[in-house]
Amino acid sequence: MDWLLWFSAPDYQLARIVLQRGIAALFFVAFLSSLNQFPALLGERGFLPVPDYLAAFHRLRLRRPTLFRWGYSDRRFRWMCAAGLVVSGLTVLGVPQLGPPWVPLIGFLALWVLYMSIVNVGQTFYGFGWEMLLLEAGFTVAFLGSDQSPPPTAVLLVTAWLVFRLEFGAGMIKIRGGQEWRNLTALYYHHETQPMPGPLSRQFHLLPKPLHRAEVVGNHFSQLVVPFFLFAPQPIASIAAGLIVITQLWLVLSGNFAWLNWSAIVLAFSAVGDRAVHALFPFMPLRYTSESWADASAENHAVWSGGLFAGGLGEPTGYPGDVFAWAWAAVALAAAVLLAVLGYWPARNLLSDRQLMNASFNRWQLGNTYGAFGTVTKRRIEIVVEGTLDDVPTDSAEWREYRFRGKPGEPGRLPRQWAPYHLRLDWLMWFLPLRTVHEEWFYAFLFKLLDADPATLRLLRADPFGGERPRWVRVRNSLYEFSTREQFRTTRERWVVTPMHVLIRPVQLKDVR
């Protein structure tokens, strides 16, 4: 057997298909989300304009990689998003995978550079852990090659190591975090107080408390025990990956966490072997093995992903013995070694008593540490933004509430399923009660409402003034609690809303000018 086969994993064809096309699909969602929201939030006339940020960028001598270093314009941004959508869309369809290994490599590196350029000027609106996770995942799967060569074993291993850091890091941050995770009561509250509830979140919240405690135990097992078995022999590794997928699907059903859960689901397939899938689903053909790769036929090669998602045509070429295959194996191995070395810092962080959550140790956002919800809030406090056309902004004035797409508002409205799409404004609204409403971007948002800025209003679900400028806006907060089944039968409302305090007194446009 050719020595190159020692560095290859022909039995992981399905893993590569899911990894490459799944991560490409998430890039597509990320670029689409940015195209629809970035100009209003961060564009030339946004809440936190990128040109102003870049001016400070140069003064402070920051060195974050971005193609906008040489200037930003909304037009240039839209062209970058369009390029990202085209490349990611073609990769989902399997077009780059038809060629030699360097074609999908170039495609994924282009996605990585384009999206990193956006994230690095996105400021607080792009300060989420799943941004760096998508970047690291995109860089990693770039080296899986094309359908013309076996998946490199080393790259699959560092992808599994990424899943381990994601899951185990999240588990450790919980154990070291709030007492509610250790006494198994975290999910008494989490389904109700999470950033953006989904259509089934209330039903999850109303489950009996013993089931909530079982959920926490299951979460700890999935995040603290199962990840170690991703590196076990088959079929144990595939079983471990399956448990992670099931746990993540549970989270998909119970909430809206952008593409975080879907990223974990896709990346978990790095440990799924073709033989294990074939054993579970015999109707799925077993593709290649180390013994059969070199002489696989074109007909067999197309079976794995025929139809719309055709993975490639023609026989696998260049294996074994081809000089170009040797060169590609060396490139993939070098990338895996680089990622393994960069993994030292997040590994050390996992063992630290002062574990960081969602942090990068280099400016390229590779070898990151992850984690979420180290503590769980016990009450859901919502920020309510209101405006009025009245001349005098008294309590008796007719105050009308602005409605958001994902953030809870009307008591009777069923929350929508948005993930993997990311509503950035709605997410930051959730953070305000945990920090302060007196943030620069939030005041900019209020002034945009006073000016009836069309781009800002398109971020909302409903403008109570139909595009007309309000005379005044104010900010208050309210306590939101899921209604019980008995309350819902009586009122048909899913939320019990208790008004609390005015946080920002009424302001008008001349206060800005």
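The values are calculated or read from the model by the stated rules, or taken from the named source; none is laboratory data. This is a predicted model, so every value here is computed, not measured. In this analysis, Cβ positions are derived from the backbone assuming ideal geometry, glycine residues included, and neighbour counts consider all displayed protein chains.
Applying the selection to the range 341-362, what residues are in a helix (DSSP H, G or I) and within 16 Å of Leu133 (Cα to Cα)?
Going through the range 341-362, the residues in a helix (DSSP H, G or I) turn out to be 341-342, 344-350.
Listed by number, the residues that qualify are Leu342, Trp345, Pro346, Ala347.
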Has the range 435-443 got any residue that is modelled with pLDDT of 95 or more, of a type outside the set (Val, Ile, Thr), touching a Phe, Trp or Tyr at 6+ places or on another chain (Cβ under 7 Å) and closer than 30 Å to Ala30 by Cα?
-> yes
List the pairs whose first member sits in the range 448-465 and is farther than 18 Å from Gly46 by Cα, whose second member is among the acidic types (Asp, Glu) and surrounded by 17 or more Cβ atoms within 10 Å (Cβ to Cβ), and whose Cβ atoms are under 9 Å apart, counting only residues at least 6 apart or on separate chains?
-> Pro464/Glu386
All positions within the range 439-456 that are more than 27 Å from the chain's Cα centre (by Cα), surrounded by fewer than 17 Cβ atoms within 10 Å (Cβ to Cβ) and assigned to a loop (DSSP other than H, G, I, E, B) | Asp451
Determine which single condition Gly412 fails, assuming it passes every other condition in (1) assigned by TED's automatic domain parsing to the domain that holds Val103; (2) touching a strand residue (DSSP E or B) at 6+ places or on another chain (Cβ under 9 Å).
-> (1)
How many residues are crowded, with 24+ Cβ neighbours inside 10 Å and either assigned to a helix (DSSP H, G or I) or not assigned by TED's automatic domain parsing to the domain that holds Ser34 (or both) if we restrict to the range 88-103?
-> 3
Does Phe221 qualify as being touching a residue at least 60 places away in the same chain (Cβ under 8 Å) and out of contact with any Lys or Arg (no Cβ under 9 Å at 6 or more places or on another chain)?
-> no
Which of the residues spanning the range 458-495 are part of a strand (DSSP E or B) and farther than 12 Å from Glu382 by Cα?
-> Ala462, Trp472, Val473, Arg474, Phe482
Report, by residue number, each residue of the range 388-418 that is closer than 12 Å to Ala462 by Cβ and over 26 Å from the mean Cα position of the chain (by Cα).
-> Arg400, Glu401, Tyr402, Glu410
Working only within the range 351-362, note down all residues that are surrounded by fewer than 18 Cβ atoms within 10 Å (Cβ to Cβ) and hydrophobic (A, V, I, L, M, F, W, C).
-> Leu351, Ala359
Among the residues of the range 104-116, is there at least one that is of a type in the set (Gly, Ala, Ser) and part of a helix (DSSP H, G or I)?
-> yes
Looking at (1) assigned to a strand (DSSP E or B); (2) surrounded by 20 or more Cβ atoms within 10 Å (Cβ to Cβ), find the lone condition where Gln365 falls short.
-> (1)
Name the residues in the range 84-113 that are of a type in the set (A, V, I, L, M) and under 27 Å from Ala330 (Cβ atoms), would you?
-> Val87, Leu90, Val95, Leu98, Val103, Leu105, Ile106, Leu109, Ala110, Leu111, Val113
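Quick check on Ala186: is it outside the structural domain of Val496 (by TED's automatic domain parsing) and within 19 Å of the chain's Cα centre (by Cα)? Walk me through it before giving the result.
Details: outside the structural domain of Val496 (by TED's automatic domain parsing): yes; within 19 Å of the chain's Cα centre (by Cα): no.
No; evaluated as a whole, the condition is false for this residue.
I need the full set of residues from the range 418-438 which are in a loop (DSSP other than H, G, I, E, B) and surrounded by 15 or more Cβ atoms within 10 Å (Cβ to Cβ), in order please. Quick ask: steps written out before the conclusion?
Within the range 418-438, the subset in a loop (DSSP other than H, G, I, E, B) is 418-423, 435-438.
Of everything in the range 418-438, those that are in a loop (DSSP other than H, G, I, E, B) and surrounded by 15 or more Cβ atoms within 10 Å (Cβ to Cβ) turn out to be Trp418, Ala419, Pro420, Tyr421, His422, Leu423, Val437.
For the range 122-170, which residues satisfy the criterion of being of a type in the set (D, E, K, R) and under 16 Å from the mean Cα position of the chain (by Cα)?
Passing the criteria: Glu131, Glu136, Arg165, Glu167.
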Among the residues of the range 230-267 satisfying the criterion of being in a loop (DSSP other than H, G, I, E, B) and within 15 Å of the chain's Cα centre (by Cα), which is farthest from Leu133 (Cα to Cα)?
-> Gly255
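Considering each residue of the range 53-97, count those that are of a type in the set (D, E, K, R), at pLDDT below 95 and closer than 23 Å to Leu428 by Cβ, and give that number.
Applying the first criterion (of a type in the set (D, E, K, R)) to the range 53-97 yields 59, 61, 63-64, 69, 74-76, 78.
Imposing the further condition that a residue be at pLDDT below 95 reduces the set to 59, 61, 63-64, 69.
Of the ones still in play, those that are also closer than 23 Å to Leu428 by Cβ are 64.
Of the residues in that region, 1 qualify.
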